[in-house]
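Below: the structure, in structure tokens.
The values are calculated or read from the model by the stated rules, or taken from the named source; none is laboratory data. Just so we're clear, the structure is a prediction, and the values are computed from it rather than from any experiment. Here the Cβ positions follow ideal geometry from the backbone for every residue, glycine too, while neighbour counts run over all protein chains shown. Note: areas computed on protein heavy atoms with side chains; ligands, DNA, RNA excluded. Shrake-Rupley method; radii C 1.70, N 1.55, O 1.52, S 1.80 Å.
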Amino acid sequence: MTVSFSVRRQAAAKYDHGSCGGPVTVFAQALHARLYGLPTDDDPLPTALDALLQATHIATAPEQQTAILQQLAEQLRNAIEIIQRYQYQAQWDRLPDTVAEQLRDARDQAQQVAKTLDAVAPAFSSQPAAPLPPAAQPARTARPPALTTPPAGRRR
């Protein structure tokens, strides 16, 4: 069986895209994989956060859940770069120091969240550990509540 796909020249100009590497190629690759029993590539994860949110509602496989968390961490790293540019811009434009400090704090918090997502994402792909039988669970000891001290103010 031979299948040939082509796109009229007007289509590329009318829809502002080229025919090389477009949806027709993806369809042809999926058809080829189906005909020859080859594994098909999963759809790539969206990069827009609202579309990524929608992907979380349909992600059932552990690998999909891990990939979504990894994609979210990557998007946070992009957000960190944006925040950092505006932090520098605030300093350059001589905005009040509190603006640059708040942006620095937001950047630091986003970095921490991205690191945490990187650390926990693989747990969704691994097999859950078998729960310990009730007798083997460690006894919980009462600990006094930890004292929390407010963070010291940042100084330049």
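See the values below:
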item: Qualifying residue in the stretch 77-94 (condition: in a helix (DSSP H, G or I), in contact (Cβ under 8 Å) with a residue 40 or more places away in the chain and out of contact with any Phe, Trp or Tyr (no Cβ under 7 Å at 6 or more places or on another chain)); result: no
item: Subset of the stretch 86-98 [under 19 Å from Val113 (Cβ atoms) and either in contact with an Asp or Glu (Cβ under 7 Å, 6 or more places away or on another chain) or open to solvent by 80 Å² or more (accessible area, probe 1.4 Å) (or both)]; result: Tyr86
item: Residue in the stretch 67-81 that is open to solvent by 90 Å² or more (accessible area, probe 1.4 Å) and acidic (Asp, Glu) present; result: yes
item: Ala114 vs. criteria surrounded by 12 or more Cβ atoms within 10 Å (Cβ to Cβ), among the aliphatic types (A, V, I, L, M) and modelled with pLDDT of 75 or more; result: yes
